[in-house]
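Trainee: Sending over a structure as structure tokens; questions will come in a sec.
The values are calculated or read from the model by the stated rules, or taken from the named source; none is laboratory data. In this text the structure is predicted, and so the values were computed from the model without any measurement. With ideal geometry, Cβ positions are generated from the backbone for all residues, glycine too; neighbour counts draw on all protein chains shown. These area figures cover heavy atoms from the full protein model, side chains too; ligands, DNA and RNA do not enter into them. Shrake-Rupley method; radii C 1.70, N 1.55, O 1.52, S 1.80 Å.
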Amino acid sequence: HCLKIISDPEQINVLGEIGIILLMFILGLGFPPKRIFTMGYRALMGGILQIVLTILGTISLSLFLGWSLVVGVFVGGLAALSSTAIVIKVLNDLAVIDSIHGRLMVWYLIIQDLAAVLMIAVIPSLAGDAGAGILLPVMISLAKGLAFLTIFLMLNRTYIPRLQYWVAAVGGKELFLIGTIIFCLGTALVTELIGLSYALGAFVAGLVVSESEYNYQIHAGLVPFRDIFLCIFFVALGMLLDPGYFMSNPGQVLAVTAAIIVLKFLYTSAATRIARYPLKTALYTGIGLAQVGEFSFVIVQMEYQYLFRVISEISL
């Protein structure tokens, strides 16, 4: 942004979008459907409450500041997500991932990741006229997503496992890796063509092959590509940041940052207590999930045009 070495950020954004696709594919790959049913009732209730309370709190703050309801929902959804990568790393470094609050944080992060996928599916349907009703477009997007997921899960029972076996047997690991990338990008393209998000398509592609016998082989092969392209994505994100804005509005930026951390800590702790966990566990969980995660940046980058229209409604 400062040096203006790259005149057209779109050159970098294309590579960054590949990183998003691979990130969503690996997220789906590590989330087999049967994993959902192993989640305890209290953890599920606490995770959903954490998201709902954060969104409701943001809506209240938005209305108080004179923002619209849609702005409150959108910003609240972004604020509700925490960083899976950072939290898991900290829990591992502190050797507390198997503690009660450690396991609870992991379940909350899983619920947030699923919520992020839902946001990615729904947000494009809100990008119409500001005065139009949003319920029908949201329902249509959800119906498309469910139909797409159903079709792919049906294919997974028959054709996809056979295709994986044939590629692995004929071409070795190199062709198998290339075939997996083509499958991931191709599915993302299909969802883009039918009016859904390409990231949703990548997640469904990963979900489809999550119970494959080649799961670990696929994961090991794609992680280096994901890391490289995600680095490019965050470079593209950094190109959008204007240091001059912070220098001109340091109080505003710091106040919003502090408000997000404090309020999210309170909402997460309250949700955990409502789910009947001990106060100590609730406080640890609230502290661990008080930050905003990388998926919020992914959603902002993907829905940039819609976000620009939404932010234009806000009077600063």
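Trainee: Determine the pairs where a residue that is in contact (Cβ under 8 Å) with a residue 60 or more places away in the chain, located within the stretch 167-193, has a partner that is among the polar types (S, T, N, Q) with Cβ atoms under 9 Å apart, the partner being 6 or more residues away or on another chain.
Mentor: Filtered contacts from the stretch 167-193: Ala188/Ser197.
Trainee: Mind listing whichever residues of the stretch 259-280 are buried (at least 21 other Cβ atoms within 10 Å of the Cβ), touching a residue at least 24 places away in the same chain (Cβ under 8 Å) and not in a loop (DSSP other than H, G, I, E, B)?
Mentor: Residues satisfying the conditions are Lys264, Tyr267, Thr268, Ala271, Thr272.
Trainee: May I pose another question? Quick one: which residue in Leu240, Leu254 is without any contact (Cβ under 8 Å) to a residue 12 or more places away in the chain and either open to solvent by 60 Å² or more (accessible area, probe 1.4 Å) or in contact with a Pro (Cβ under 9 Å, 6 or more places away or on another chain) (or both)?
Mentor: The match here is Leu254.
Trainee: Moving to a separate point now. Considering only the stretch 65-79, how many residues are small (Gly, Ala, Ser), surrounded by fewer than 20 Cβ atoms within 10 Å (Cβ to Cβ) and touching a helix residue (DSSP H, G or I) at 6+ places or on another chain (Cβ under 9 Å)?
Mentor: Residues in the stretch 65-79 being small (Gly, Ala, Ser), surrounded by fewer than 20 Cβ atoms within 10 Å (Cβ to Cβ) and touching a helix residue (DSSP H, G or I) at 6+ places or on another chain (Cβ under 9 Å): 1 in total.
Trainee: If Met105 passes every condition in (1) open to solvent by less than 70 Å² (accessible area, probe 1.4 Å); (2) touching a residue at least 12 places away in the same chain (Cβ under 8 Å); (3) more than 16 Å from Ala290 (Cβ to Cβ) but one, which one does it miss?
Mentor: (3)
Trainee: Right, another one. Condition first: open to solvent by less than 60 Å² (accessible area, probe 1.4 Å), more than 18 Å from Ile120 (Cα to Cα) and outside any helix (DSSP H, G or I). Now tell me which residues in the stretch 146-198 satisfy that.
Mentor: Within the stretch 146-198, just Thr158 meets the criteria.
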